[in-house]
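Visitor: Quick one: the structure is below, questions incoming.
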Amino acid sequence: MMNTMKKGTSFARSFFITYLHPFPSVLTPNTKRTMKSIIVLLSLTMNMQFN
């Protein structure tokens, strides 16, 4: 279960890094916090789908 969540989190992280790579200037601390919560939500959703 933890392995699946780790996989989902790393996927989400790489997805957001790839997606937001051209826009480093918009990554204010607030945006980073939002991204973190989106990544957490994504990994939780993926974890539920795998179970």
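None of the figures in this text is laboratory data; all of them are computed from the coordinates on show. Here the structure is a predicted model, which means the values were calculated and not measured. When we count neighbours, we look across all protein chains shown, and the Cβ atoms used for this are built from the backbone with ideal geometry, even at glycine.
Visitor: What is the gain in length, in nm to one decimal, between LYS36 and PHE16 on full extension, counting 0.36 nm per residue of separation less the C-alpha to C-alpha distance?
Guide: Gain in length upon complete extension: 6.2 nm.
Visitor: Quick check: residue separation of LYS6 and LEU44 times 0.36 nm, minus the Cα distance between them. What number comes out in nm?
Guide: Full extension of this stretch gives 12.7 nm more.
Visitor: If you count, for each residue, the other Cβ atoms within 10 Å and average over each peptide, how do 30-37, 9-16 line up from highest to lowest?
Guide: Top to bottom by mean Cβ count within 10 Å: 9-16, 30-37.
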